[in-house]
Amino acid sequence: MTRSSGGEAAERFQRIVKQPRPGMPTPNLPDRAAECARFRWEDAAALLDGLPDGAGLNIAHEAVDRHLRHGRGDRCAIRWIGKAGQRIELSYAELARQTARFAQVLAALGLAPGERVFVLMGRLPELYTAVLGALKARCAVSPLFSAFGPEPIATRCEMGDARVLVTTPELYRRKVRGLRERLGGLRHVILTGAALPADLAADPGLHAWDDLMARASPDYVIGPTDPETVSLIHFTSGTTGRPKGAIHVHQAVLAHAVTGRWALDLHDGDVYWCTADPGWVTGTSYGLIAPLVAGVTSVVVEAEFDAQAWYDVLERERVNVWYTAPTAIRMMMKLGTDALRGRDLSALRFMASVGEPLNPEGVVWGLEAFGLPFHDNWWQTETGGIMIANTAAMDIQPGSMGQPLPGITAAIVERRPDGHVAVLDEAGRDGELALKAPWPSMMRGYLHEEARYRKCFVDGWYLTGDLARCDAEGYFWFVGRADDVIKSAGHLIGPFEVESALMEHPAVAEAGVIGIPDPTVGEVVKAFVALKPGFEAGEALNRELLGHARKRLGAAVAPKAIDFRSSLPRTRSGKIMRRLLKARELGLPEGDLSTLENDEQP
């Protein structure tokens, strides 16, 4: 076993004891233990309205239409900031009208409830209208990354049996036009803009967004929606072969409502910013649904990461709650705190991190840079919502993912030879993280892979594939993906722990760790490191980092070799792709690369 990540963090950082801040609202979850004891999902349903006359539960109604009945129609729902600085504000009333028009558009095109609408574009206002409008129409929606190439787009549209695709003229020309014959089920493509470009006018099944919307009524009555109606299909990268399509239902909105309040501490009147792209589940669950269900103002920034521009947004828009990714935090850490001097970020109350575990250094850097710690949390595409979190009222142990939210039962288990699982009650033992099923946002299946879906559940537990440990206080600590853990001379080494130790060194911006086969000890640890500006790769720094890691981790756990890279391969959601590092190191198949953000090979 490796040494406990909890113990390592305790040695490096003191617990961050949360103190009430004058003038700030009381956290929505002031006493987690008491709420866990009394919580029932049936009672939490009071946070939602449900469709009128008991006609069921629809995500778009909870996110948009019901706010008009509660006097929030004039409130800004989405504040969109374009790459060129242009701004569009959509009130809840206007968003209700626009999403109703799009639902009418789908009906006019002949789409029936349950048919699939795919959306391929960057963070444009039409994306949010299309997703919510399709949900009103009771269609299943799948947002796709605009950075996908033609093959990932085709694969997902084929798997999901796409009937309608909403995209931009530019993306259609570059990535979709050549796929039309292959996608025989794709009947309609809606292009943003006032009219079809002349070079595309002859393509079959093309429509101009503005034209369709202008002819559609702004009134739409959402039909009866069973809570188990399919709402969203999110694709996750496969380790090998095709991606997995996780199926979610309208019932998930209950988990979005609860976790938005408790994990992100959203209060009435907040200005909220989630930096995630809706092509990733976070950008839909917490960049679109949860803030709108909470009735807050959601800031949407079209441009990609730029530290100075992001700081401008936080200051100018008076953001209260900020949800971002460890990759962005590490990039900001690279630049230091000078860029923050003199800025008025007094409106900022709560910062959270998502995508992969946040190294302890990132949590504490938040205190240095913003006067607030980043609150890590844990969940997956398959869970549909946040399961484990460092909430606003909790003390933080840097490096921990936090504790399970009310309504969620988590445990560390091990798989037994007879096919069952055993719960590991002893604190500090490594095992697989498991969640007691069901909960409202839990996936209801994988597209066309029922057997694969069933294998995720054993003895009433959902087995996450993540290795973790739970300490004596009930805090959970990430060890690594089951297929990432390194077995060396009888030790089980979690790559995250080694990466965190390397990142303590002032020269290291990012680190990725893998196991390399070794005939004597099974595997040895190898690290790939990207440096901060001002540091130069070389033998002297290599020796220094190896010594630093041995001092922090011990000789059995520390890396035996280090390679310097200008950057590390990661997904668009910010996760370092360790399997890709390993595949390239060993000449193995690289698997599904459709979510790869950067591809700088050695």
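The values are calculated or read from the model by the stated rules, or taken from the named source; none is laboratory data. Nothing here was measured: the structure is a model prediction, and the numbers come from that model. A quick note on method: Cβ atoms are made from the backbone with ideal geometry, for glycine too, and the neighbour counts reach across all protein chains shown. Side chains included, ligands, DNA and RNA excluded: accessible areas come from the protein's heavy atoms. Shrake-Rupley method; radii C 1.70, N 1.55, O 1.52, S 1.80 Å.
Some points to look at:
- Dividing the alpha-carbon radius of gyration of the stretch 477-573 by the rule-of-thumb value 2.2 N^0.38 Å gives 1.04.
- In terms of the mean number of neighbouring beta-carbon atoms within 10 Å, the peptides 330-341, 391-402 order highest first as 391-402, 330-341.
- Distance between the modelled labels on GLU158 and ALA201, one decimal in nanometres: 3.4 nm (7 Å Cα→Cβ projection).
- Rel. contact order, % - alpha carbon contacts under 8 angstrom, at least six apart, the chain: 14
- Taking the DSSP bridge list for the stretch 308-415 and keeping only pairs wholly inside it, about 35 percent are antiparallel.
- Within the chain, DSSP assigns beta bridges of which about 55% are antiparallel (rounded to the nearest 5).
- Kirkwood Rh in Å, taken over the stretch 92-152 so that all alpha-carbon pairs contribute: 11.9
- Using the Cβ of ALA252 as centre and a radius below 14 Å, the other residues enclosed give a net charge of -3, where K and R count +1 and D and E count -1.
- Qualifying GluC sites (Glu not before Pro) in the stretch 484-579, DSSP loop, other Cβ atoms within 10 Å at most 13: GLU536
- Peptides 213-221, 124-132 ordered by average Cβ neighbours within 10 Å, highest first: 124-132, 213-221
- Using the Cβ-Cβ distance between ALA561 and ASP53 with R0 = 60 Å, the FRET efficiency computed as 1/(1 + (r/R0)^6) comes to roughly 0.35.
- Per DSSP, loop trypsin sites (Lys or Arg not before Pro) in the stretch 54-141 with at most 12 further Cβ within 10 Å: LYS83
- Translational diffusion coefficient (Stokes-Einstein; Kirkwood radius from C-alpha pairs) of the stretch 367-487 at 25 °C, 0.890 mPa s, in µm²/s: 160
- Derived scalar couplings ³J(HN,Hα) [the stretch 150-167; Karplus, 6.51 cos²θ - 1.76 cosθ + 1.60; whole Hz; x for Gly, Pro]: x, 5, x, 5, 4, 4, 5, 5, 5, 4, x, 6, 4, 9, 10, 10, 10, 8
- Loop-resident sites, the stretch 407-441, for GluC sites (Glu not before Pro), counting at most 13 other Cβ within 10 Å (DSSP): GLU426
- For the stretch 358-478, the relative contact order comes to 22 percent (Cα pairs under 8 Å, sequence separation of at least 6).
- Percent of C-alpha pairs per 10 Å bin, the stretch 124-249, short to long: 11, 41, 36, 12, 1
- Here is how the number arises for the chain: DSSP H runs of 4 or more residues each give -39500 (n - 2.57), the sum is divided by the residue count, and the result at 222 nm is -7500 deg cm²/dmol.
- Within the straight-line cut-off of under 17 Å between alpha carbons, the aspartates and glutamates reachable from LYS455 are GLU382, GLU414, ASP418, GLU432, ASP466, ASP483, sequence neighbours fewer than 8 places apart in one chain being disregarded.
- Normalised alpha carbon radius of gyration of the stretch 1-138 [divisor 2.2 N^0.38 Å]: 1.51
- Cross-link reach list, aspartates and glutamates versus LYS560, counting only Cα pairs under 12 Å and skipping chain neighbours closer than eight places: ASP518, GLU523
- Annotation for the stretch 377-409 versus the stretch 157-173: alpha-carbon center distance of 35 Å.
- Rounded to the nearest 5, the antiparallel percentage of DSSP beta bridges internal to the stretch 39-162 is 45%.
- Gap separating the Cα centres of the stretch 465-529 and the stretch 296-332, nearest whole Å: 30
- Here the relative contact order of the stretch 420-476, from alpha carbon pairs under 8 Å that lie six or more residues apart, stands at 51 percent.
- The stretch 146-209: C-alpha pair distances exceeding 19 Å, %: 22
- Descending Cα extents along the principal axes, the chain, whole Å: 70, 59, 54
- Cβ-defined net charge surrounding LEU111, 15 Å radius [Lys, Arg +1; Asp, Glu -1]: +4
- Each Lys or Arg adds one and each Asp or Glu subtracts one; over the other residues with Cβ under 11 Å from the Cβ of LEU196, this totals -4.
- Each eigenvalue of the Cα gyration tensor of the stretch 178-302, multiplied by 5 and square-rooted, gives one semi-axis; in descending order these are 31, 21, 17 Å.
- The chain: angle of helix 360-370 to the longest principal axis, Cα-based, in degrees nearest 10: 60
- Per residue, the Cα convex hull of the stretch 259-367 amounts to 100 Å³.
- Cross-link partners of LYS83 among aspartates and glutamates (Cα-Cα below 12 Å; sequence separation of 8 or more within a chain): GLU302, GLU304, ASP306
- Apportionment of accessible area to carbon and sulfur, the chain, percent (1.4 Å): 51
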